[in-house]
1. With unit charges on the beta carbons (Lys and Arg positive, Asp and Glu negative) and the dipole taken about the Cα centre of the chain, which residue among ALA233, VAL138, ALA117 sits farthest to the positive side?
2. Toward the positive end of the charge dipole of the chain, about the Cα centre and with charges on Cβ (Lys, Arg +1; Asp, Glu -1), which of PHE277, HIS90, GLY314 goes farthest?
3. 5 Å is the cut-off here: which amide hydrogens, built 1.01 Å from N in the peptide plane, fall below it relative to PHE313, excluding neighbours closer than 5 in sequence?
4. Could you please state how large a percent of the accessible area of the stretch 265-318 is carbon and sulfur, counting protein chains only and using a 1.4 Å probe?
5. Just the projected area, averaged over all directions, of the convex hull on the alpha carbon atoms of the stretch 104-201: how many nm²?
6. With θ set to phi - 60° and the Karplus curve 6.51 cos²θ - 1.76 cosθ + 1.60, what are the ³J(HN,Hα) couplings of the stretch 357-373 in order, to the nearest whole Hz, using x for Gly and Pro?
7. Over the chain, average the accessible area per residue using a 1.4 Å probe and give it in Å², no decimals.
8. Mind pulling the angle between the C-alpha long axis of helix 129-149 and the longest principal axis of the chain? Nearest 10 degrees, somewhere in 0 to 90.
Amino acid sequence: MRTNDQFCDKATERMIRRVRLGYWTALLVIALMAMGTFLLVDSAISTQRSVNKLVHIAGEQQMLSQRIVLLTNTATVERGRFRRASSLSHLRDAVNDFERNFRTLEIKLDRDKASDAVRAIMTEAPHDVNFFSRDLLVKARAFLAEAGANPQSDVRPLPQLSATAVLAGYAMLSDHVAMEAQRGIDRTSSLHRMVFMMMMLVLALEALLIFRPLVGDIVLKTGDLIRTRNDMAFMAQHDQLTGLLNRKSIEDHVHRMTSDGAAERPFALMHVDMDDFKSINDTYGHAVGDAFLIEIAKRISKGLREKDAVARFGGDEFVVVLDGVRTHQNARAVAEHVATLIGKPVHFGDITIDPKASIGTALCPEDADGFDELMFAADLAMYHAKSGGRGRFSAFDPQMRADYESRLKAGSAPVGDVPLKRTA
C-alpha cells in the first residue's frame, strides 16, 4: 500500500511538472508573439510616419520650385527699387527653404537606408533629383546676386524647364516612396495576421491540452472534497450503523424545538428500547445483531411522518420526536403503530427473530420542558412498560416521578438500574 502511495505521489508530481512546464511554455510563446506583434505594428507606424514626412517634403519641394521660378519672373518685370527688393526677399526665403528641405531629405534618406529604386530617382537620369535640385539652387542664387547688385538692370528669369525637371523628380520620388510604404504595410499586415492566427492556435492548444485537463482535475478533486465534507458532516450527525440521527443530533433537535417556545410548538418524545437484544447478540453473533438493528431502524422510520425525527440513542435504544403531537392518546396511536411494525418477524436466512420493544412517551411541555427532563420522563414511562411485561407501551404519568423520588428517599436503586428479568 505504501509503495502504491509513493507511486501515485511520483506520478502526481510528474503530472504537475508537465502542467507547469506546458503552462509557462505556452505563456512564453504567447508573450513572444505579442511582443512580435507589437514590434510589427510599431515598425509599420514608424515607417508610415517616415513616409508621410518624405511625401510632405517632396510636396513642399514641388511647390517651392514653382515659387522660385514665379518669383524670378516677378522680380524681372519689377522696375521699382522697393518692389524688386520685396520680390527678391521672398525669393531668397524660398531658396533657403528649398535648400533646407533638400539637405533634410538627403540626411533622412541616408539615415533610413533608402532603397535602390529611391536612390536611383535621386541620383540617376532621367529624374536625378539631386542634380536638378542643385542646378535650380545655383541658378536661383545667381539670379539673386545679379538682380540684387543692380536693381535697375535687366536680368533673365529662370527657365521654366528647370522647375519642371525638379517638379517631375520630386513627384516621382513621392509616388515611389508611397508605393514602397504601401507594399511594406501589406507585408506587415499579412505577417501580423499570421502571428495573430498562430497566437490563437497556441491559446486553443493550451486550453485543450493544459487547461481543459486541469479544470477537469480541479472539478474532480473539488467534487471529491465536497463529497468527503458531506460524508463527514453526515457521519458527525448520524449513526454509522443505521444511518439514523445520533444522540447529539437528536439532543440538538429537541433544543431547537424547545428554544422556539414549547407552548407554541408541542411535541412528544418517544423512547423505544428493544427487549432481549443481548440474547440475540449472544445467540447469533454481533453481525446478526447489527443487521437486526438496521432492520428495526427501517421499520421505525417507516412508521413515522416526514417531519418527525428518529435517532439511535445507543445500543438497542431509539428516540423519536413526534412533532405536533399534543396528547398521550395521539402518542399512543403512533407508538402502537410503530410497535406493530417492529413486532413482525425478522428473517435472516434460517434465523427467525420475533422482536419486541418497550415504549415510553412524554409530552412537551405538559410533562417536561428540555431534553434531559423529557428523556427522564420517557425513561420512567419506558421502564414502567418494561416492568409490566415488555413489548408494551406506557405514557408518562406524574405518579411515576413521585414513585421514583420515593424509592430514592427510601434508599432503593433507581428504576433504570433495577435488573429486569429477560426472556429468551
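1. So the residue we want is VAL138.
2. Projecting each Cα onto the dipole axis, the largest value belongs to HIS90.
3. PHE318, VAL319
4. Carbon plus sulfur share of accessible area: 50 percent.
5. Directional mean of the projected Cα hull area for the stretch 104-201 stands at 8.4 nm².
6. Couplings: 9, 9, 10, x, 10, 9, 9, 10, x, 4, 8, 6, 9, x, 5, 4, 5 Hz.
7. Here the per-residue accessible area is 59 Å².
8. Roughly 50 degrees between the two axes.
The values are calculated or read from the model by the stated rules, or taken from the named source; none is laboratory data. On a predicted model such as this, the values are computed, not experimentally measured, just so you know. When we count neighbours, we look across all protein chains shown, and the Cβ atoms used for this are built from the backbone with ideal geometry, even at glycine. Surface areas here come from the heavy atoms of the whole protein model, side chains and all, with no ligands, DNA or RNA. Shrake-Rupley method; radii C 1.70, N 1.55, O 1.52, S 1.80 Å.
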